[in-house]
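Have a look at the structure below before the remarks.
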Amino acid sequence: MNKYQDRNTIAKTTFGSTFYTVDDQGKKRLSLRAKRWAAIISIHLLFFLSFKVDIQTLEGTLSGSRFLGFHLIDVFTTLEVFVATYHMPVNMIIGTTTIVIAYLLIGGRTYCAWVCPYGLLSEIGEKLHTMLVQKKIIKERTFDHRIKYAFWAIFLLLAFTSGYLVFEVFNVVGILSRFIAYGWSLALIWVAIVFSVEVFFARRAWCKYVCPIGTTYGMIGTVSATRVEWNDRCDHCMVCHDVCFESHILELTKPQYDKERIEKGIKKQVITNADCTLCGRCIDVCHQDALNYTFRLKSLV
């Protein structure tokens, strides 16, 4: 796609064209979406090969793994284990601490965009959903994005009261991760159901309204170093809102704030909202290059 010539909304853009972009010199390059997909596929290929041919590089699943012998534990899984058992093994503490430090640097919900395998399915579902809405076969439905905090609390409460990791029964991320590493499971039926809900009922419903894993990484993301930065080259075309499934995070791109910014001499603003996945879709489509990644600690490096 060429963001400098077109307004690349989801409805106006073919899915395949979003995997490349044309730069300001007219050269084709891989888009950030293509790089994200490559990252996710590479990570899960390592999971698969580590189990199938015993290369012992990235062993386990996203819930808990070892990378070259170093333990890595999903943060929400750790919270579940702790409230369910009132105990946290040393390896879990080490693995969780490693993950928290990593995401404090690279951005909390980058997990959702750059690691999670369900994210790929969800993006396909999003395109199908948009096509159905465009053809008026279904209606667009949105809900309060803050409902995810209720689900986050409910799943922890269920773990606390039952002593069992209830969320793992419904966790499409874990189901897919185990499928990739170890093979087929009837649990994939649940993944298909969730995917169908996103196609026929609500866009990116699992990621936006339910998943407590993303919510947890979002909490880390509020103070993480890597963020998306807006600058005053923005002409408020709002295409970034169209492609972002958490579009409320881009509130600052609306023209209503220009007068205040001019008065205060503000030329750049960092998007600090916890829901930003740093997927880069807004960057891929911004024809003014008004959105880019920034590292908030660069002055210290």
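The values are calculated or read from the model by the stated rules, or taken from the named source; none is laboratory data. Since this is a predicted model, take the numbers as computed values, not measurements. Note that each Cβ is placed from the backbone with ideal geometry, even for glycine, and that neighbours are counted across all protein chains shown. Accessible surface is based on the protein model in full, side chains and every heavy atom, while ligands, DNA and RNA are left aside. Shrake-Rupley method; radii C 1.70, N 1.55, O 1.52, S 1.80 Å.
Give the range of the longest stretch in the chain that excludes all chymotrypsin sites (Phe, Trp or Tyr not before Pro) found in loop regions by DSSP and having at most 15 other beta-carbon atoms within 10 Å. Between the exposed loop sites, the longest stretch runs 202-301. Each residue was assigned an accessible area with a 1.4 Å probe, and for residue 169 the value is about 80 Å².
Derived scalar couplings between HN and Hα for the stretch 23-37 equal 7, 5, 9, x, 9, 7, 9, 5, 6, 5, 4, 4, 5, 5, 4 Hz in order, rounded to whole Hz, by the Karplus curve 6.51 cos²θ - 1.76 cosθ + 1.60 (θ = phi - 60°), x for Gly and Pro. Taking the Cα centre of the chain as reference, the dipole from Cβ charges on Lys and Arg (+1) and Asp and Glu (-1) amounts to some 580 debye. Less than 5 angstrom separates the built amide H of residue 31 from those of 20, 21, all sequence-distant by 5 or more or on a different chain. Here the extension length gained between residue 67 and residue 296 equals 79.7 nm, from 0.36 nm per residue of separation less the Cα-Cα distance. Once you order the gyration tensor axes a ≥ b ≥ c over the Cα atoms, which shape class does the stretch 41-107 get: rounded for a/c under 1.5, otherwise prolate or oblate by comparing a/b with b/c? In terms of gyration-tensor shape, prolate.
Counting other Cβ atoms within 10 Å, keep those with at most 10, restrict to DSSP loop, and tell me which trypsin sites (Lys or Arg not before Pro) in the stretch 8-78 are left. Within the stretch 8-78, the qualifying trypsin sites (Lys or Arg not before Pro) (loop, at most 10 other Cβ atoms within 10 Å) are 27.
In loop segments of the stretch 121-226 as defined by DSSP, the trypsin sites (Lys or Arg not before Pro) with at most 15 further C-beta atoms inside 10 Å of their C-beta are 135, 136, 139, 141, 146.
The modelled label-to-label distance for the pair residue 196/residue 91, using points 7 Å beyond Cα in the direction of Cβ, is 3.9 nm. Rounded to the nearest 10 degrees, the inclination of helix 188-200 to the longest alpha-carbon principal axis of the chain is 20 degrees.
Carbon and sulfur: what percent of the stretch 187-301's accessible surface (1.4 Å probe)? So the carbon and sulfur contribution to the accessible surface is 61 percent.
Lysine pairs in the stretch 17-168 with alpha-carbon atoms under 20 Å apart, 8 or more places apart or on different chains: how many are there?
So the count of such lysine pairs works out to 5.
Looking at the stretch 238-267, the trypsin sites (Lys or Arg not before Pro) that sit in a DSSP loop and have at most 15 other Cβ atoms within 10 Å of their own Cβ are 267. In this view, the solvent-accessible surface of residue 248, computed with a 1.4 Å probe and all protein chains in place, comes to about 50 Å².
Along the axis of the charge dipole computed for the stretch 62-144 (Cβ charges of +1 for Lys and Arg, -1 for Asp and Glu, origin at the Cα centre), the listed residues 84, 104, 71 are led at the positive end by 104.
Remark: the stretch 202-209, residue by residue, has Karplus-estimated 3J(HN,Hα) of 9, 4, 6, 4, 4, 5, 7, 10 Hz, where x stands for each Gly or Pro and the curve is 6.51 cos²θ - 1.76 cosθ + 1.60 at θ = phi - 60°.
Amide H to amide H distances under 5 Å link residue 296 with 226, 227, where only residues 5 or more positions off or on other chains count and H is placed in the peptide plane. Take every pair of alpha-carbon atoms less than 8 Å apart whose residues are at least six positions apart; their mean separation over the length of the chain yields a relative contact order of 23 percent. A simple spin-label model places pseudo-atoms 7 Å from Cα toward Cβ; at residue 170 and residue 104 they are separated by 3.1 nm.
Gain on full extension, evaluated as 0.36 nm per residue between residue 56 and residue 151 minus their Cα-Cα distance, stands at 30.7 nm.
Shown for the stretch 13-159: the carbon plus sulfur share of the solvent-accessible area, taken with all protein chains present and a 1.4 angstrom probe, equals 70%. Rolling a 1.4 angstrom probe over the protein heavy atoms with all chains in place gives the stretch 44-88 an accessible area of 53 Å² per residue. Given a 1.4 Å probe and the protein chains as shown, residue 247 ends up with an accessible area of around 40 Å².
Classified by the C-alpha gyration tensor, the stretch 118-247 has an oblate form. Its axis ratio a/c, with a ≥ b ≥ c, is 1.5 or above, and a/b does not exceed b/c. Using the 1.4 Å probe convention, the accessible area of the stretch 168-255 works out to 38 Å² per residue with neighbouring protein chains retained. Under the simplified labelling scheme, the residue 185-residue 128 pair shows an inter-label distance of 2.1 nm, with each label point 7 Å from Cα along Cα→Cβ. Please say if the stretch 121-197 is rounded, prolate or oblate, where rounded means a/c under 1.5 for a ≥ b ≥ c the square roots of the C-alpha gyration tensor eigenvalues, and otherwise the choice is prolate for a/b larger than b/c and oblate otherwise? Here the stretch 121-197 falls in the oblate category. For the chain, taking a cut-off of 4.7 Å between Cβ atoms, the unpaired cysteines are 112, 116, 207, 211, 234, 237, 244, 276, 279, 286.
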